[in-house]
Structures are given as C-alpha cells and as structure tokens.
Amino acid sequence: MFRRFVLNRLPAAIAIFIGSFAQAQTIDWPVYNGSLDGDHYSKLTQINRDTVHLLQRAWTFDTGEKGGIQTNPLIVGRTLYAFTPGTKVVALDATTGKLKWKFDSGIIAGQPARGLTYWNDGERGRIYAGVMNFLYCLDAETGNLITSFGENGHVDLRKGLVIDGVQSDFSALSIALTTPGIIYKDMIIVGGREPESHPAPPGYIRAYDLRTGALRWVFHTIPLPGEPGYETWPKDAYKTAGAANNWAGMVLDAKRGILYAPTGSAVMDFYGGDRVGNDLYANSLLALDANTGKRVWHFQGVHHDIWDRDFPAPPALFTINRDGKRIDAIAQTTKQGYLYLFNRLTGEPLFPIREHPYPASTVPGEVTSPTQPKPDVPEPYGRQELTEDMLTTRTPDAHQWAVKTFRTFRSEGQFYPLTVGGQQTIVFPGFDGGAEWGGPAIDPVHDIIYINETEMAWTGGLVPSKGGSPGEVVYQSQCAMCHGIDRSGSPPAFPSLIDIDKRMPPDKVVAKIHQGVGRMPSFPNIEGQRLDALVAYLHTAGVAGPPKELQGVPATDHASKEAADPAGAKVYSEQCSVCHGDHMEGIAPSPPLVGLGARMNVAQTTDIIQKGKGQMPGMDLKGTDLEPLLHFLEVAPAIEAQQSNPAEWSNKYIFTGYRKFLDPDGYPAISPPWGTLNAIDLNTGKYLWKVPFGEYPALAQHGMKNTGTENYGGPLVTAGGVLFIGATVYDHKFRAFDSSTGKVLWEVELPFSGVATPATYMIDGRQYVVIAASNARSPKDPQGGMYVAFALRAENAQKQ
C-alpha cells in the first residue's frame, strides 16, 4: 500500500516540482543575437505554435527620442540593456519596462547602434557600449563609468589606426562602433564602421583588455609588408588604402577559441584604380585565433570589389551530420543573394564553390578580377538578373514608364562593372541586398536556416572627377557618392541637399558632417577652410531634377555647356542629337555620350564619326566642324578646371549616387516579390519554403497584398516552432511564422516599424519577446523610438 501510494503520486509530485521550477526560472538573452554562435535561437517553448496567438503587449518603453533604433537588446537577470535613438544606454526592468538608469555620454551621435556587450568580472557586471569612436565601460547595476577602463572609462578607437610616416593626427579619422564587440576570455574584440570613400582608416580588427582597456592584439585587414595578402595590393597600399573593415559583427567558437569576422569592401567602393589586385582581406570571411589574432583561414567572397558587396551580417555557427560524421560548420549570408556554407575548422566548403568569368572593366585605370566565386548550392535566395519581362505591371502607366527607363540601363547580372559617362548599370539585388545586417536564424534541432531578404533593383555609374570651387571639390570626393553629383540624393535613404539652406542652418550642417547621421558616417577630416568651403557650396543654389530613382542617366548641366561652347553645341544639335538626345543621354539603341572623353580618345572618336559604326552612318565632318564637336563632347583637349586642393583627387571618378529603380509613384519598378523570407535545409541546401515578406499598406487596401517590402533586422527562432521577425519598413508589422511551414500564426502592428532583431527571455517562468521600433527608414511617417514587449497572460503562462 505504501509503495503504491508513493508510486501513484510520484508523477504528480514531479509535475508540481517542474511547475514550481518553471515559475522561478529565468533565462537570459545575454549576447548580441542571443549567443556567441550568432544563431538567433532560443530553447524557450512557452510561446509556441499553439499559444502564440494569445500574445498580448506586456510593456512599452518610450525613449522620448526621434531617430532609428536597430538594437537587439541584452537581457541579464531581471534587467534589459539597450540603446536609445540618440545612442544613450538605458537599463530597464525587463518585466515592466520601467527605467532603472540611463547613461548619456554627452556625444550627439547619429550612427546606428545595434547592440551592447555584457561581461561579469566575478564581482560585478559590466556593459560595454560603442558611441561613435568611443568604447565605454559601464557598471551594469548603476550605469556609472568604470574609470579604471581605458582613459577614464573609455577607449578611443581612432587611436592605433594612424599609419606611421603618413598621418600624425588620429582625431581626423572616422570610425564608429555600430555593432557590439564580442568577448573571449578577458578580451573584447571589435571592428567598426568607416567611410566608403577616401580618406578612410584601415579596418583593423582589435582586441582590448576588458579590465584595463589596453590593446592586446591587432589583425591587419590591409596587410603590412611581409604579411600574407600584402601581394594582393599595389606596393605600399597600406599607407593610403582604407576600410576592408568588420562593421557587421562577429561570432565565436568559444570552445576552440576561433573568431569569425566578415569584412566589407576597401575604399573607394566603386572605383579601384588605386588598389589594383584582389585586395585581401576586404570582402572576406576571416577565421582568427581569438587568443592572438592570427589568421586560421579565410574566404574572399568578392575579388577587388567595385560593387559595395560587403559581407553584410555576422555569420552563424551550426553542426550537421554528413556521412555519419558531425561537422561543425558556419553559414555566411551576402548582399548578392548567395549563402556560403563552410566547415568552420578548415574553411572547406560544404558545397562546391566555383569561380565564374566576368567581363573586364572599360573604365580607364580599373582592373577587375577576371572571375568571381559562386556556390553551386544553395540556389541564390534573391533573383540575379533583371530582365524586361520582370518589370512592374502594377499599372499600365507604371509598366510603360519602367520599360522606357529600363531600356536606358545596362542589366546583365552580377559583377558586371559600372561604366563611365552616364549610362546606369542595374545592380540586382541592390546595394542593400539581398540579405542585410540583421543576419540569419538557425534552428539547430532541425538544421534549418532562415533568411529574410530584400529584392530591390538599384542603379549606379561613374563620371570623371572635375575641379571647380574648393567646396565643390570637397563635395565631389566626400559627398557625391551618396547624395549624387547634382545633390539631388535618392530619398528617403539619401536625402537631397538641394536648398538645404532653407531647411538647416550652417551650424547644424557642420554638426551632421562631423557626427554623421543614420547611414552617413562622420567626417572629422573635413575642417577649417575645407569645411567652410563645403558649407558655402551646399548653401549655393542647386538645380533640382527629377528624383534620382526616376532618372535613366545622370542630370547634366547642358545649358551651361551650350553657352560655353556654342559652335560645338550647334554641330551636335544638327548632326547627333536626333539619335543621342538633346542632352547626350542616348535614345535607345543609341548609347549616351555623357562622359565620352573618359572612354575614348580623339583618334577613336574621330574614326567613328567619319566612318560610322553599327547603325550610325559616317559623317563628313572636318576642321571647323569636327574640332568644336570634339571639344563639346569633351574629347578634345580643354582647359582644366582649377584643382583647388590636389589632395581631393585621389579618386579619378565619382560614383553617380545610390539610386533605387522606383516607378513615378515611389514603388519598386520591378515585379513582386519585393522581399521574401526563406527556409533552407542546411544538410541538402534545398529550400523548404519561401514566402513574400511584408506589404505596402496603401497597395494592400486596394487588393495588392503580400508584395514583400524592403526589410532590415533579422529573425528569431525558438524551440516552440515559432519564428519572430519585424524588419518590414512600411507596414510596421511584428509577425510570428510557423517555422516549419512559413504560415503567419500571429501579427501585430507596432507604433513604428520594427527595423531591428527581436530578443526573447524568461523571468519568473514567464516568457517575453521584445523588439525595438522606430521610423527612421520611413521619414514621412510619424517619428519616435520605443521598445515593445509581448507575453502570454500570466495565467496562460502558468499553464505551459
């Protein structure tokens, strides 16, 4: 009887014990993206396929600030640590959202801040926070600076990046720690965001002592003489080259002490005539000994990058079984839509990677790599070449406009070099991917990787650098890459600077230049007379043309050319304009002639004019007609504009600006999907499901739903079979998908768009999921910054 009594009641006793344990259980989210392996995975199951529809808002924290929040918060114990839009650090009660403390560095920072780093020294917790070029160390309980770290509580990341014999003033360097460092033993290892044009510091990866802030080791991503990889650059390139930086973040195999760090391109992003070679270790996935910084292996995803194809996100670690053996592996996403999978110990690909040939650049001085790598498996998660049959059919007018504009572009797929002179080249997926900084999530139980990606076509081109006023020269070298050669930008990502004097006083312009904002890095190197000249130039009248995303070729000041060269303009109008356009823009199939002098010399141009080519007949032009025409086409020798600052001429060519291919109503000029969410089997490389991700509310109201949209921020996947993700820019939705099917199980509209990666945690047996929300990427919408947490009702949580 006694034995039966005990046995009969044992299951109930266990259930009571487990229930009590669950009620008291606390599970943290203590590392950026959840863990050192970067898999965005949680073992929590209270919120699962069956209960997720019961989620309710648990708390909201309003930062009271405007701007962007891209932060994946940390949760340690009962405290959540995060950034505000103004890069202040806050500690919140993770069950209520109540503010515990706030740290304000006093720096007005406009740079992204994607996360923090937590470490406990055995006595107290510490928070390491990147604010612009400073790495701060804070007491996790109070938010006070720990002054024994570095210089009075911080390390200046500009120090140590000065090249001996070349520079002396580190204060002119631009670097910002936008993604948190990673901890190994008693070190914090960091990269940094840097400019995408000259001058830029080298993108060295560095380890600092967690207690003292002392530098422990450095890996030179632009090798010094005698180091492996030095031979892939011109001699002494390390003195003038810049970037090749780890801005996206890192992951760590803590057991083996191997750090994995992806890097971006070298400057200048779109012209590499001053860095001929493959440029190791730009655009590389690096495996480094975390103890010493020594290279273990590397893989370069783009050789001699001139397309801004940075590795955009931290990789993720996982383990699979193959042929009866367990393989510890690593996955790396890309902007171009490729997923690379490697044995993380050796760098050996899990599926074949082949080098494919591509055409050489025709830009003078540029030497592109003859081949670029591509994995056989998996298939790209983004479409690879934009063709006319893929253009929008949203309305007949939009389609007609898209076809006409598309025919002015060059669209031949991945890795086709940009051209000089006005014709735009399609980059698809665009400069923002494909995949972006949010990174993937991995379910380690089922060996599935989840990737959200954007399908947006962008265009780009090059024009020759020209002189001008001192301010215009500074603008061309430092600003035109993003804001365009005519200052019209590509709103909203890259705002127009035309008539900026009517929107912003000079002191605020100076503040933006020195501090940066959003995607714009800081430019501390622009100061003194150069700064005054730039501000003066920005406050001169600019000529507004159609939005850049609606132009087939760059706007040119044709009227001034005609006034300066009436004889050449007359010959051009009579002989050439009927085919090549009144503004040399080209009328298909005739090519544009803007910037012809950068592509052809006098003899070549004269030969084509007099003999003809293709459908163009020869013309009997000589002497008084030929010379003015050549001069008008900028082929014949001409008086060069004043080079007011020779230091600005390190780039021979200017990028015409980032341009999205949007229709006149502002929607993508290509057919949907404009964003997708993908599930891929890591064992086979096959797709398990693929669904459109996001929508435009205005289109959805008229029946055009599930088009997909641009999306930024990554997913979170749980053992409960649920994938959480915000990321979509325009619909402000936070969604929960069934991780096995891609079906939407739950969604809620956030106050702003959830352009960040969510986190999940448990306190007192109750599971929460939290996400940052802000509208910086949709500036026409109401602005603000919040953290919003969701959970089951307490009574529902206790039942799980």
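Quick notes on this one:
- Kirkwood-Stokes translational diffusion coefficient of the chain, alpha-carbon pairs, 4 °C, 1.567 mPa s, µm²/s: 47 µm²/s
- Within the accessible area of the chain, the carbon and sulfur atoms contribute 54%, probe 1.4 Å, all protein chains present.
- Accessible area expressed per residue, the stretch 204-280, with surrounding protein chains retained (probe 1.4 Å, Å²): 32 Å²
- Proximal lysine pairs, the stretch 35-115, alpha carbons under 22 Å, eight or more residues apart or interchain: 7
- Available extension along the chain between Asp236 and Asn706 is 164.0 nm, counting 0.36 nm per residue and deducting the alpha carbon span.
- R0 of 41 Å, Cβ-Cβ distance Asn683-Arg793: FRET efficiency to nearest 0.05: 0.60
- Residue-normalised accessible area of the stretch 329-448, expressed per residue, 1.4 Å probe, Å²: 36 Å²
- Between 0 and 90°, nearest 10: helix 528-538 axis offset from the chain longest Cα axis: 80 degrees
- The angle between the Cα long axis of helix 602-611 and the main principal axis of the chain comes to about 70°, on a 0 to 90 degree scale.
- Percent RCO, i.e. relative contact order, over the chain, from Cα pairs under 8 Å lying at least 6 residues apart: 16 percent
- The stretch 696-800: C-alpha gyration tensor shape, a/c 1.5 cut-off, then a/b vs b/c: prolate
- Helix-derived mean residue ellipticity, 222 nm - over the chain, DSSP H n ≥ 4, -39500 (n - 2.57), to 500: -4000 deg cm²/dmol
- The stretch between Asp389 and Arg354 holds 9.7 nm of extra length on full extension. This uses 0.36 nm per residue minus the Cα-Cα distance.
- Taking 0.36 nm per residue of separation and subtracting the Cα-Cα distance, full extension of the segment from Lys613 to Lys98 would add 178.1 nm.
- Rounded to 10°, Cα long-axis angle of helix 506-515 versus longest principal axis of the chain: 60 degrees
- Whole-angstrom gap from the stretch 154-177 to the stretch 33-68, using each part's C-alpha centre: 38 Å
- Cα gyration tensor category, rounded, prolate or oblate, for the stretch 451-523 with a/c compared to 1.5: oblate
- Rounded if a/c under 1.5, otherwise prolate or oblate - the stretch 148-307, Cα gyration tensor axes: oblate
The values are calculated or read from the model by the stated rules, or taken from the named source; none is laboratory data. All values reported here derive from a predicted model rather than from experimental measurement. Neighbour counts are summed over all protein chains in view; Cβ atoms, including those assigned to glycine, are modelled from backbone coordinates with ideal geometry. SASA here: full protein model, heavy atoms, side chains in, ligands and nucleic acids out. Shrake-Rupley method; radii C 1.70, N 1.55, O 1.52, S 1.80 Å.
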